[in-house]
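One structure is given below, encoded as structure tokens.
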Amino acid sequence: MPLHRGFATGPAAGRHTNPLVTAANPVLGADVSPPVHRLHAGPVPPDVAYQLVHDELLLDGNARLNLATFVTTWMEPQAANLMAECAEKNMIDKDEYPQTAALEQRCVSILAHLWHAPHPEHAVGCSTTGSSEACMLGGLALKRRWMRRQPDAGREGRRPNLVMGANVQVCWEKFCNYWEVEPRLVPMEGDRFHLDAESAVARCDQDTIGVVGIMGSTFDGSYEPVSELAAALDDLEARTGIDVPVHVDGASGAMVAPFLDPDLPWDFRLPRVASINTSGHKYGGVYPGVGWVVWRSEEALPEELVFRVNYLGGDMPTFSLNFSRPGAEVVAQYYLFLRLGWEGYAAVQRANREVAMTLSAEIEALGPFRLLTSGDQLPVFAFTTAGEVSRWNVFDVSRRLRERGWLVPAYTFPADRQDLSVLRVVVRNGFSHDLASLLVADVRRLLPELDRQGGPLQLPEEATTFHH
Ligand SMILES: *Cc1c(COP(=O)(O)O)cnc(C)c1O
């Protein structure tokens, strides 16, 4: 995979720009084209720079029509103001910005309470750049706890492993790669598109640092059966003495289930759940990037992983991979907690679920699609083509919808269901019934044209890879 290497060609020098912005601009009187490979010799006025960058970004998709992302694409203007006011604050400077640090602490306690930690007022947790960093920290704590359990001599040659479904988000594969943990991935099977308790426990041994349970799966929006996982691991411990903790990856669902499925135990109500992460910038409602990770108690987070920074003459524990990081997103998270409260979050997530379920039913009613999920867990659903469809496939639908501006990703499932390709819709705050019905109308309009195709125009192996 190439990291950014730049492009062989960029905008043609002197031909790219609007003369009103450049040559005919009395302040500038020169042609400017945006630099591609190296810095310009001299500065340009800010309004010119703004216009050039702004114009290039017109090529980006419209974030509100992006049904691929889980990440917030709309916030209230008041939240955006607050974020702009905090743009220059560095989250790591706890001593310089003590009130931002205090708001972070309050957010951790609020989440610990929402997730039923035994002593939320003493919860240990922190903000991160997103769930990826939060999962790395959760995974590191699990690995360190496993190391502590090994007598020094007995650790030689042992390799820690982590058990999870093949449907995990890519951050868990990164965690295993970067921190040298063996990933034990449970493949999908038939109509089971996520981890099940029996297959998870079958892969656990004394070197298993933990099992990851996902609330919910990025592939189809389904919740993994966390309480069944926990019960099966309780049973494993009773039979063998092997004690395997659970980390819940609640990137999306940890901000949905507490409000819409309050009776479903998936969180710290289950004693086996050691830590939980969420993305504040997904169903937490904040623009990217903020995530959170909370441990059930101090014992679940080995003390030696914690660093201390100055804070109001004392010190404050921190745990992070980054050092400097914006404070604005944390402030925006606190704003939303204050603004919405429990009822407000419930209303927002309920509306998302209603839109998702209505939309999935309407898509099913079109005829040539089969739903894998309906949006009744995460407000997210996946669907594929019905058996009789042979002239087009999900990749054709995704590409054709893009002509109208809709971004609806099509992708192939992981092992052992690589034969299955789906479309997925993520409903977020701001995606109304009105927009949903426009989407259905566009899909309906496409169908006769697709039926005139001789066969699929794009095969799964030709599709650009979609990262969850
Ligand atoms: C999005 C997601 C992640 C990664 O989260 P970021 O906040 O984008 O870093 C991890 N796990 C799951 C289940 C996700 O949905």
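Odds and ends about this structure:
- Hey, residue 134 within 16 Å of the ligand (Cβ to nearest atom), closer than 27 Å to residue 71 by Cα, of a type in the set (A, V, I, L, M, F, W, C) and touching a Ser or Thr at 6+ places or on another chain (Cβ under 8 Å) or not: yes
Results for (1) within 16 Å of the ligand (Cβ to nearest atom); (2) under 30 Å from residue 345 (Cα atoms), shown as yes or no for each residue.
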| site | (1), (2) |
| --- | --- |
| 404 | no, no |
| 427 | yes, yes |
| 436 | no, yes |
| 444 | no, no |
| 447 | no, no |
| 452 | no, no |
| 455 | no, no |
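- Top-ranked residue of region 392-442 - restricted to ones that are of a type in the set (S, T, N, Q) and assigned to a strand (DSSP E or B), ranked as farthest from residue 167 (Cα to Cα): 421
- Pick from region 214-231, criterion of a type in the set (A, V, I, L, M, F, W, C) and within 10 Å of the ligand (Cβ to nearest atom), ranking: farthest from residue 248 (Cα to Cα): 219
- Some residue of region 125-132 being part of a helix (DSSP H, G or I), buried (at least 19 other Cβ atoms within 10 Å of the Cβ) and in contact (Cβ under 8 Å) with a residue 60 or more places away in the chain: yes
- For region 264-282, the set of residues classified as more than 10 Å from the ligand (Cβ to nearest atom) and within 17 Å of residue 224 (Cβ to Cβ) consists of 264, 265, 266, 267, 268, 269, 270, 272, 273, 274, 275, 276, listed by residue number.
- Count of residues meeting criterion [more than 13 Å from the ligand (Cβ to nearest atom), of a type outside the set (Phe, Trp, Tyr) and part of a loop (DSSP other than H, G, I, E, B)] in region 286-321: 8
- Residues in region 10-44 that are farther than 14 Å from residue 56 by Cβ and of a type in the set (Val, Ile, Thr) were compared, and the one that is modelled with the highest pLDDT is 44.
- Within region 245-263, tally of residues that are within 11 Å of the ligand (Cβ to nearest atom) and within 11 Å of residue 227 (Cβ to Cβ): 1
- Residue 145 more than 16 Å from the ligand (Cβ to nearest atom) and either surrounded by 13 or more Cβ atoms within 10 Å (Cβ to Cβ) or in a strand (DSSP E or B) (or both): yes
- Yes/no for residue 60 being modelled with pLDDT under 95, on the phi < 0 side of the Ramachandran plot, surrounded by 12 or more Cβ atoms within 10 Å (Cβ to Cβ) and more than 16 Å from the ligand (Cβ to nearest atom): no
- Qualifying residues in region 307-332 (those that are more than 19 Å from residue 137 (Cβ to Cβ) and among the aliphatic types (A, V, I, L, M)) - the one farthest from the chain's Cα centre (by Cα): 312
- The residue pairs whose first member lies in region 67-94 and is closer than 30 Å to residue 360 by Cβ and in a loop (DSSP other than H, G, I, E, B), whose second member is aromatic (Phe, Trp, Tyr) and within 16 Å of the ligand (Cβ to nearest atom), and whose beta carbons are closer than 7 Å, counting only pairs six or more residues apart or on different chains, are 72/287; 75/287.
The values are calculated or read from the model by the stated rules, or taken from the named source; none is laboratory data. What you see is a predicted model, and the numbers here were worked out from it, not measured in a lab. Cβ: placed from backbone, ideal geometry, glycine included. Neighbour counts: every protein chain shown.
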